[in-house]
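Single-structure report; data block below.
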């Protein structure tokens, strides 16, 4: 930027290009490499004897060979658009990386992304990719891709069926911010197929309950999240009502609705449903919820 220029007057696209090119000439290859590298939160630049498999895979998505990807990675580092820690590199700052990732998904056919990022992809890279996708709520392509992962025989479903349950839940948590309603639907469907899914017998119950607590902040999802959390709480053993799950069902939601008092009608409806339940366990849970208000 020139000395007399005001950054606040620059449009988003113009500002992005100024920060990215920094008075250098336009370079299509550099753009393509930066877009591919931004699809993941971090990547391995090189291995002991060669370019890393992660660098090779990301290059395939945008059809650039490994040596070009490596060269462009170094250029980005020189421009302070990439940081290195040990063997890992990441495109930074994140607002620029997010914008580049959105451009990548716009410029690359979805079929090509799916060809290289799927249930057979190395777990670390898959989680890194899903983490980036979870920040791209303004990207139509990212939302479509995340939705595709939740379909029957999608990435998450296939991993679950293969027994890679921990990985499937991690991916689910990462993409939840951009498709919250679909994630809730997925959890309900999974519970219909597995009676233990929404119980304390699920080894991933902590990850799922934390996810539900976060999704409860989304408009219109409080009641559904509350009911799903109650499924976990109702499987608690007697005498353990002061566990973490009760905190989620009572204290956390009390806090949420003290912040969002405009939704008090929804809160009363949830409480009424719990209060009218015939099961003693639900009555106890509803009483605990009432007392904490």
Please compute the Kirkwood hydrodynamic radius over region 1-151, one decimal place, Å, based on all pairs of different Cα atoms.
15.9 Å
Residue separation times 0.36 nm, minus the C-alpha to C-alpha distance between residue 14 and residue 148: what's the value?
45.0 nm
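Would you list 138, 153 from fewest to most Cβ contacts within 10 Å?
By the 10 Å Cβ count, ascending, the order reads 153, 138.
Quick one: order 149, 88 by neighbouring beta-carbon count within 10 Å, fewest to most.
Arranged by neighbour count, lowest to highest, 149, 88 become 88, 149.
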Round to the nearest 0.05 the FRET efficiency obtained for residue 195 and residue 107 when R0 = 45 Å and r is the Cβ-Cβ distance.
0.50
Roughly what would the spin-label model give for residue 63 and residue 214, points 7 Å off Cα along C-beta, in nm?
3.6 nm
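Once you keep just the Cα pairs under 8 angstrom separated by 6 or more residues, what percentage relative contact order results for region 1-108?
30 percent
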With each pseudo-label sitting 7 Å past Cα toward Cβ, what's the residue 74-residue 162 distance in nm, one decimal?
3.5 nm
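In what sequence do 230, 225 fall when counting other Cβ within 10 Å, fewest first?
Placing the least packed residue first, the sequence is 230, 225.
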Once you have the alpha carbon radius of gyration of region 127-220, what is it after dividing by 2.2 N^0.38 Å, with N set to its residue count?
1.01
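Only the coordinates and a few stated rules stand behind these numbers; no lab work does. Model, not experiment: these values are computed from the prediction. For neighbour counting, all protein chains shown are included, and Cβ atoms are generated from backbone atoms with ideal geometry for every residue, glycine included.
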